[in-house]
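Visitor: Have a look at the structure that comes next, please.
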Amino acid sequence: MIRPLCLTLFMLCHVGLTASAQQADTTAMPQPDFKEVKIRENPIPKKSLILSLALPGAGQVYNGRYWKLPLVYGALGGMVYVIDFNQSRYKRLKTALELKRQNLDHEFSGTGIDSERSLLALRDSYDKNRQLSYFGLFVVYALQAVEAFVDAHLLGFEINENLSLQLSPQISTNPFQPQQVQPGIHIVLSRRK
């Protein structure tokens, strides 16, 4: 008695769910408004260069290479840190050298670099490193701008199946000394039509 009742109840629920699932959807969904999607043109290299010179990393952002931005600021920040490190050491040694020349106690009194000669050599060394660091900052600044310029040019470079580069090892002989064997690389650049 319980089994047929359970079976009937199961069938009624199942038929009821199936029938409700087959009803037409009465909720009206608004149709999405399809706007014209603008395809990004290749960046203008000159604009990328000018942006990078105006604000470091702006050319990389303009080119759509957002992942390069931390590298640019990491390199610039590293160079600023090196400049600050060398500048502070230079000032400390310069002050110590001036005090040493006046026969007064200084920061390095009683250490291995207490002589005027060693203080002068270290001061000159940090001065040279400081000047090289300023040059390095300029180089990093220029390189990030050149990188943005070159990257903008290369974004327009089309790579397709018609270009191929094949590298293979090659052993050749010297025409002037036939008994001498020379290893080399055979490079074939071809364009298929």
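Visitor: How long are the three semi-axes of the equivalent ellipsoid of region 57-193, in whole Å, if each is the root of 5 times an eigenvalue of the C-alpha gyration tensor, listed from largest down?
Guide: Numbers: eigenvalues 564, 161, 17 Å².
With the √(5λ) rule applied to region 57-193, the semi-axes are 53, 28, 9 Å.
Visitor: Determine the per residue accessible area of region 106-177 with all protein chains present and a 1.4 angstrom probe, expressed in square angstrom. Walk me through the intermediate numbers first.
Guide: Numbers: 5140 Å² over 72 residues.
Heavy-atom accessible area per residue stands at 71 Å².
Visitor: Output needed: percent of Cα pairs per 5 Å distance bin for region 81-136, bins running from 0 to the one holding the longest distance.
Guide: It works out to 4, 23, 29, 20, 13, 8, 3, 1, in whole percents.
Visitor: Between Phe135 and Asn42, what is 0.36 nm times their sequence separation minus the Cα-Cα distance? Round to one decimal in nm.
Guide: Working: separation 93, 0.36 × 93 = 33.48 nm, distance 3.29 nm.
Fully extending the segment from Phe135 to Asn42 adds 30.2 nm.
Visitor: Taking 0.36 nm per residue of sequence separation and subtracting the Cα-Cα distance, how much length would be gained by fully extending the chain between His153 and Leu120, in nm to one decimal? Before the final figure, lay out each step's value.
Guide: Numbers: separation 33, 0.36 × 33 = 11.88 nm, distance 4.93 nm.
Working it through step by step, the gained length comes to 6.9 nm.
Visitor: Using a 1.4 angstrom probe on the protein heavy atoms only, could you order His153, His186, His106 from most to least accessible area? Can you show the working numbers first?
Guide: Details: His153 100, His186 80, His106 20 Å².
Heavy-atom accessible area, descending, gives His153, His186, His106.
Visitor: Now for a separate question. Roughly how many debye, to the nearest 20, is the charge dipole of region 44-128 about its Cα centre, given +1 on each Lys and Arg Cβ, -1 on each Asp and Glu Cβ, and no other charges? It would help to have the intermediate numbers written out before the result.
Guide: Details: 13 positive and 8 negative charges, 112 e Å.
Roughly 540 debye, rounded to the nearest 20.
The values are calculated or read from the model by the stated rules, or taken from the named source; none is laboratory data. Computed from a prediction, not measured in an experiment: that's the story for all the values here. Quick reminder, even Gly has a Cβ in these numbers, built from the backbone with ideal geometry, and neighbours come from all protein chains shown. We work out accessible area using only protein heavy atoms, side chains counted, and drop any ligands, DNA or RNA first. Shrake-Rupley method; radii C 1.70, N 1.55, O 1.52, S 1.80 Å.
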